[in-house]
Amino acid sequence: MALEKTVTQDKIEIVGEFKIIQIRDVVKITENGQEVSRNYHRRTINPLADTSNESQEIRDIVATMHTQAVKDAYQAHMDSLANGE
């Protein structure tokens, strides 16, 4: 009985003014080649997030979408929220 866990990304979406990246991971558990479990996990990446542990595909999307202008606008937005504006 060999259990194996695989995680793949089946949905990647770019959302909103600050180009938030939404990712849906599929977590599959197989036993002797037969799927015994499947779960989904959603997460987001904002323009200021550390993406060094992401897949190359995600890092390429981040490099394209999270330009310096987007990062600056997102930081200004976050600063205005912190200041109660």
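Rule-based calculations on the coordinates, nothing more; no lab input. Not measured: the values here are computed from a predicted model. Cβ atoms come from the backbone with ideal geometry, glycine included; neighbour counts cover every protein chain shown.
Residues checked against (1) over 24 Å from Val7 (Cβ atoms); (2) of a type outside the set (Val, Ile, Thr):
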| residue | (1), (2) |
| --- | --- |
| Ile21 | no, no |
| Glu31 | no, yes |
| Gln34 | no, yes |
| Asn39 | no, yes |
| Ile58 | no, no |
| Ala76 | yes, yes |
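The set of residues in segment 21-59 being touching a Phe, Trp or Tyr at 6+ places or on another chain (Cβ under 9 Å) and either surrounded by 13 or more Cβ atoms within 10 Å (Cβ to Cβ) or of a type in the set (Ser, Thr, Tyr) (or both) consists of Arg24, Asp25, Val26, Val27, Asn46, Pro47. Looking at Val70, Val62, just one residue is surrounded by 14 or more Cβ atoms within 10 Å (Cβ to Cβ), of a type in the set (Val, Ile, Thr) and out of contact with any Lys or Arg (no Cβ under 8 Å at 6 or more places or on another chain), and that residue is Val62. Restricting segment 1-41 to residues that are under 22 Å from His77 (Cβ atoms) and in a strand (DSSP E or B), the residue that is farthest from the chain's Cα centre (by Cα) is Val15.
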